[in-house]
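One structure is given below, encoded as structure tokens.
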Amino acid sequence: MGCEMFITKAVRGAITVDNNDRDEILNAAEELLGEIFKRNKSIKPGNIVSIIFTATKDLTKAYPAEAARRMGLTEAALMCFQEMYVEGSLEKCIRVLVQYWDLQYPKPEFVYLKGAVNLRPDLKK
């Protein structure tokens, strides 16, 4: 490696599911990660440092991080946490934070899908 300077970046996203169902949770987490990678072309499996998932307390049938492993992301550190409960907050929601190394300087594009779009009205297109 030369004198390149790697910059640690992070991109956030969220998605909701309709049911507390294992397949639905894993498919939604995979859809969310896939859309993050599609919109943020500089994120590659080899430069992902870690992926942190949170899920609301009503999602108990699967760890969303399992979806990342299904996608072949075996070198990134993965963690799952239960989302802090806030009265009146969005239900059945999976949130993610992807941290990665990058040589480029493009601004990350955050991804909020399905019912989670209401979490970031400033990002609505």
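Values quoted throughout were computed directly from the atomic coordinates according to the rules given, and no laboratory measurement underlies them. No experiment lies behind these values; they were computed from the predicted model shown. Positions of Cβ are generated from backbone atoms using ideal geometry, with glycine treated the same way; all protein chains shown enter the neighbour counts.
Numerical summary
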read-out: Options N27, Q99, A68, ranked by Cα towards positive dipole end of the chain, top entry (Cβ charges); value: Q99
read-out: Gain upon complete extension [D21, T74; 0.36 nm per residue less C-alpha separation]; value: 16.7 nm
read-out: Net +/- balance of residues flanking R22 in space, Cβ distance below 11 Å, scoring K and R +1, D and E -1; value: -3
read-out: The stretch 75-89 - phi-based ³J(HN,Hα) in whole Hz, Karplus 6.51/-1.76/1.60, Gly and Pro as x; value: 9, 7, 6, 10, 9, 10, 10, 7, 5, 4, 7, 10, 3, x, 6
read-out: MRE, 222 nm, helices only [DSSP H, n ≥ 4, -39500 (n - 2.57), over the chain, to nearest 500]; value: -6000 deg cm²/dmol
read-out: Those lysines that a straight Cα-Cα span of less than 19 Å connects to K38, excepting residues fewer than 8 apart in one chain; value: K9, K107, K114, K124, K125
read-out: Label corresponding to P(r) over Cα pairs in 5 Å bins from 0, in percent when calculated from the structure given, among (1) 2, 8, 9, 10, 9, 8, 7, 7, 7, 6, 6, 5, 4, 3, 3, 2, 2, 1, 1, 0, 0; (2) 2, 9, 13, 14, 12, 10, 8, 8, 6, 5, 4, 3, 2, 2, 1, 1, 1, 0; (3) 2, 11, 22, 24, 18, 13, 6, 3, 1, 1, 0; value: (3)
read-out: Using alpha-carbon coordinates, inclination of helix 22-39 to the longest axis of the chain, degrees; value: 30
read-out: Net dipole in debye of the stretch 13-116 [+1 Lys, Arg Cβ; -1 Asp, Glu Cβ; about Cα centre; nearest 20]; value: 340
